1. Could you tell me whether Thr34 is among the hydroxyl-bearing types (Ser, Thr, Tyr), touching a helix residue (DSSP H, G or I) at 6+ places or on another chain (Cβ under 6 Å), at pLDDT 95 or above and surrounded by 13 or more Cβ atoms within 10 Å (Cβ to Cβ)?
2. Please go through region 58-81 and pick out each residue that is farther than 25 Å from Tyr37 by Cβ and either surrounded by 16 or more Cβ atoms within 10 Å (Cβ to Cβ) or touching a Lys or Arg at 6+ places or on another chain (Cβ under 8 Å) (or both).
3. Does region 1-31 hold any residues that are crowded, with 17+ Cβ neighbours inside 10 Å and of a type outside the set (Gly, Ala, Ser), and which are they?
4. Go through region 45-78 and count every residue that is more than 10 Å from the chain's Cα centre (by Cα) and of a type in the set (A, V, I, L, M, F, W, C).
Amino acid sequence: MADIVSKKVITLPEVKAILANIDPDRMDQIQRWTYNYVTKFAKVSEDKAKAMKIKLMNECGLTEEEAVEIINIMPSSIEELRTFAFGWKKLILTETLEKILKILKEGRGIE
């Protein structure tokens, strides 16, 4: 087993890109399960996910962990976003929630 060199929060599309570089015949069972999961649930490309993460952090004041959570789930309404904000125990203004939704829609190519 390899030693953990560092830890980093990454989005599902980033996980998918990492696992896509591994020969499927060399993947262990957990890697295969994870790859199948991210293939089904990653909703944007790795590049779009990275760009959205930066925008969410810089323009909306989200932490990296919060931005990753939002990108992984890709909520489509203010109500869904409020559910996350409630879990983070922080008040996010409606205008910021609207900006978050706009960034997600742009990332998915929905205008």
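The values are calculated or read from the model by the stated rules, or taken from the named source; none is laboratory data. In this text, all values refer to a predicted model and were calculated from it rather than measured experimentally. Note: ideal-geometry Cβ built from the backbone for every residue, glycine included; neighbour counts use all protein chains shown.
1. On the way: among the hydroxyl-bearing types (Ser, Thr, Tyr): yes; touching a helix residue (DSSP H, G or I) at 6+ places or on another chain (Cβ under 6 Å): no; at pLDDT 95 or above: yes; surrounded by 13 or more Cβ atoms within 10 Å (Cβ to Cβ): yes.
When the stated conditions are applied, Thr34 does not pass them.
2. Our first condition is that a residue be farther than 25 Å from Tyr37 by Cβ; within region 58-81, this holds for 58-61, 78-79.
Residues satisfying the conditions are Glu59, Cys60.
3. Ile10, Thr11, Leu12, Pro13, Glu14, Val15, Lys16, Leu19
4. Residues that pass the stated criteria total 7.
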